[in-house]
Structures are given as C-alpha cells and as structure tokens.
Amino acid sequence: MQISPQQVLDALKNVEDPDLKKDLVTLNMIKDLSIADNQIKFTLELTTPACPMKDMLKNACTNAIKHFVSAEAEVSINVTSRVTVPVNTSSLDNIKNIILVSSGKGGVGKSTVSSNLAVTLAKDGAKVGLIDADIYGPSVPTMFDLVDAKPGAVETADGKTKIIPIEKYGIKLLSLGFFADPGQPVPWRGPMASNAVKQLFNDTNWGELDYLIVDLPPGTGDIHITITQSFPISGAVVVTTPQQVALADTHKGLAMFRMPGINIPILGVIENMSYFTPAELPENKYYIFGKGGGTELAKRFDVPFLGEIPIIQSIAEAGDAGKPVALDQHPLLDQIFGNIASKVAQQISINNAQLVNS
Ligand code: ADP
C-alpha cells in the first residue's frame, strides 16, 4: 500500500525536540517531504547551525517512521537550519539575533571569545556580524589583521549614508577602532561614544545576519545602558577568569543584566584561562588561578555554564597575528569553541521558542 504524507507526519509527531519540548511537526521543522514507494525523503530544519542533537534527532525520525509506518521504509533526511528570531522584540532590519559579550574586567579574553565565537558560528554555516564596541581598547582590528582598514560607505535610495562593514574570514566587522585616529590616546567618551556605537548598529548596511555579536567594553557603563536600551538583544554571554578579583567583577556584570529596565537574558558564563596546558603535554592541566569559580558563579545566577577555555600560547599568537585561532585546525580548541558556540546558539533557540509561547 502507498505510504501517505499524513502517515509520515503522524509518525514524526512522536519525535520531540528536547530543547524546545515540542514535536518536530508542531515546530514546523519537516520540509519538502516526498515519498516514492518505500523511499521517504524530507528536510529537517533545525533552529541552530551545528545543533548538537542533529544525529540523535535524525535517528529518532528514522526509528519513528520504521516503527509507526513501515519497517521497510528507506528514510533519507537532509538537515538544514534556520535561525529563529525573538518574536516579541522588534528586530533590527534583517538582524535576527544580537548577542552581547561582556566581562567585569579588561584583559580576561572578552575579545578573544567574541572573535572565536563569531568565527565558529560562521564555520557552522551561520551569517555572522561582529561589532567591536570596546571604547577603551578596540582589539578587533588587530585580531582580524585590519589595523589600517577603513570601512566604506554608500548612499541609500532615501539619501542616507550607510557604512559598509568590512568582510574578513566570512564575517562582517565593524570596530570603533576603524573610526579613531590610530595614535589617539583618549578613549571615546560620554555621548560621543554612545552615538558612535549607535551608528554601528543603525547606520550600517549589515544585510541579513543570523547573529550579530557585540564585543562590549569591560565593566558596566554608559555603552551597556545605551545598547541594552536601544536595541533588541537576544542575550548576553559573560566572560570571566577564575581569579577571585575577576569573579567579583563578573558578579556585578551578571547582576546588571538582571536589573529592572535592562533585563537581558543571560545566555551563560564562559571561563577563560581556566588552566594551563603546555603544547608538548596536552593531557596535563594546571589550574594555576584556582578551579571551579566560573561554574560556581553560573550556579549562583542559575544560568548555563558554557565552557572552560585553557591558556594556550597559540590563542594569544593567533590574536596577535590577526587570525582567530578557531580558523586553525586545532583539535582541542575546535572542540572547545565548537561546544561553546553550539551552546550559545542552542540557548538562543530555546529563549526564542519560549518567547513565541509566552
Ligand atoms: P579583553 O577583550 O577581555 O580585554 P583579550 O581578548 O583582548 O581580552 O585578551 C587579552 C590578551 O590575552 C590577548 O593578548 C589575548 O590574545 C590573550 N588571551 C586571551 N585568552 C587567552 C587564552 N585562553 N590563552 C592565551 N592567551 C589568551
């Protein structure tokens, strides 16, 4: 007997997305279903690139069809992704999700995390932009080998001038550093800084983006208030190092996102420089700054702990050489940044789905 599309969809209603807690048919994730004899083909459209549960979901679909429809069915599933948008916020043009990367102190690796998160999400197939809003020491120009770069501008149909971000390694980039005099000793200040940052969002031709990552200045200041109150933010990632002094400041940073009037979802805590691993002894881990501080902080705020990043010489070297380390073939760091990026994307997808339901 010919298998009908309804039979297949009824079977797939038994497969639930563990993050979004609904079945794949209700979530509208089954696309382009075609059936020829016992050959069943469809596309499974997930909400994050490089979804960690991709293989598990594929297997569950195949098993459900074989169990509920026909044991002889030959199932072929093509997995794609379509990143979702937080629906009850008005999004900015074609930018689906804005992710803030913050830290309590400078020098903890906020820009390193921002750059490598951007590169990893782009490697997974997402359309990614990166704004370097660190008024005190914009480091994206160095980390992407763009120290002398100057973004261009275009005039739009309505006569406005729009900045064109610089594209490097598949990422669209803008940094306050592109607009400052390289020798300028004074950081951007007060309203001028806030206006400059707003322009990076509003007066730029970003095109379509799944994720726009924003490397914030360290601490909690005017720029944080400007950005969180002017733009729809999907969530914030907080970077810390394990030392007590860093953790105390990170605590303040996390509390800021929870303040009434700011109220930004915290996607999780990343602990950088967690331990030292010498290149010649990759199995050895030396927790020179103490252990478990980042996990403890995540627990205290009841937010996900997104991962530990070791101190590795090649991370610093890659940053200085203008090519984020996630672009290299480094098995340990591929795994570490891969996990962090998929957890961030996963958390956004969960939050966006909850917004749809609320
Ligand atoms: P922040 O943005 O918080 O000020 P950066 O990302 O600029 O910090 O990092 C400060 C310095 O530390 C940079 O030279 C960077 O390459 C280096 N660094 C950051 N994280 C690591 C790490 N895990 N291992 C080695 N060096 C690191």
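The values are calculated or read from the model by the stated rules, or taken from the named source; none is laboratory data. What you are looking at is a predicted structure, and each value in this text was computed from that prediction instead of being measured. Cβ coordinates were reconstructed from backbone atoms using ideal geometry, including for glycine residues, and neighbour counts include every protein chain displayed. Keep in mind that these areas ignore ligands, DNA and RNA; they rest on the heavy atoms of the full protein, side chains included. Shrake-Rupley method; radii C 1.70, N 1.55, O 1.52, S 1.80 Å.
Scanning for something assigned to a helix (DSSP H, G or I) and within 16 Å of the ligand (Cβ to nearest atom), does segment 53-66 turn up at least one residue? No, because not a single residue in segment 53-66 is assigned to a helix (DSSP H, G or I) and within 16 Å of the ligand (Cβ to nearest atom). Across segment 274-289, the qualifying residues are those that are more than 18 Å from Phe337 (Cβ to Cβ) and not in a strand (DSSP E or B), and the one among them that is most open to solvent (accessible area, probe 1.4 Å) is Glu283.
Taking each residue of segment 187-209 that is in the same structural domain as Thr161 (by TED's automatic domain parsing) and looking for partners that are among the β-branched types (Val, Ile, Thr) and assigned to a loop (DSSP other than H, G, I, E, B) with beta-carbon atoms closer than 9 Å, six or more apart or interchain, yields Pro187/Ile135; Trp188/Ile135; Arg189/Ile135; Ala193/Ile135; Ala196/Ile135; Val197/Ile135; Asn205/Thr156.
For (1) part of a strand (DSSP E or B); (2) surrounded by fewer than 18 Cβ atoms within 10 Å (Cβ to Cβ), each residue gets a yes or a no:
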position	(1), (2)
Asn116	no, no
Thr120	no, no
Pro141	no, no
Ala149	no, yes
Lys172	yes, no
Val197	no, no
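Considering segment 110-127, the residues that are near the ligand (Cβ under 7 Å from one of its atoms) and of a type in the set (S, T, N, Q) include one that is farthest from Ile340 (Cα to Cα), namely Ser111. When the residues of segment 214-247 are filtered to those that are in a loop (DSSP other than H, G, I, E, B) and among the aliphatic types (A, V, I, L, M), the one that is surrounded by the most Cβ atoms within 10 Å (Cβ to Cβ) is Leu216.
Is it the case that Glu45 is in contact with a Lys or Arg (Cβ under 7 Å, 6 or more places away or on another chain), open to solvent by 90 Å² or more (accessible area, probe 1.4 Å) and not assigned by TED's automatic domain parsing to the domain that holds Ile348?
no
Restricting attention to segment 290-314, the residues that are open to solvent by less than 80 Å² (accessible area, probe 1.4 Å) and either assigned to a strand (DSSP E or B) or not hydroxyl-bearing (Ser, Thr, Tyr) (or both) total 17. Taken over segment 133-170, residues that are within 16 Å of the ligand (Cβ to nearest atom) and under 20 Å from Leu327 (Cα atoms) amount to 9. For segment 179-218, residues that are of a type in the set (Asp, Glu) and at pLDDT 95 or above total 2. Would you check if Asn339 is in a helix (DSSP H, G or I), more than 16 Å from the ligand (Cβ to nearest atom) and either modelled with pLDDT under 95 or over 22 Å from Gly106 (Cα atoms) (or both)? No. Just one of the listed residues (Ala60, Ala73) is farther than 30 Å from Thr226 by Cα and crowded, with 19+ Cβ neighbours inside 10 Å, namely Ala73. Can you pull out the residues in segment 151-170 that are under 21 Å from Ser114 (Cα atoms) and open to solvent by 40 Å² or more (accessible area, probe 1.4 Å)? Once the filter is applied, which keeps residues that are under 21 Å from Ser114 (Cα atoms) and open to solvent by 40 Å² or more (accessible area, probe 1.4 Å), segment 151-170 yields Ile164, Glu167, Lys168, Tyr169, Gly170. Assessment of segment 315-334 against the conditions (touching a Leu at 6+ places or on another chain (Cβ under 6 Å), within 16 Å of the ligand (Cβ to nearest atom), touching a residue at least 12 places away in the same chain (Cβ under 8 Å) and assigned to a helix (DSSP H, G or I)) yields at least one matching residue.
Yes or no, residue by residue, for (1) of a type in the set (Asp, Glu); (2) touching a residue at least 24 places away in the same chain (Cβ under 8 Å); (3) farther than 20 Å from Ile223 by Cβ:
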{"position": "Gln243", "(1), (2), (3)": "no, yes, yes"}
{"position": "Leu247", "(1), (2), (3)": "no, yes, yes"}
{"position": "Thr250", "(1), (2), (3)": "no, yes, no"}
{"position": "Ser274", "(1), (2), (3)": "no, yes, yes"}
{"position": "Lys285", "(1), (2), (3)": "no, yes, yes"}
{"position": "Glu308", "(1), (2), (3)": "yes, yes, yes"}
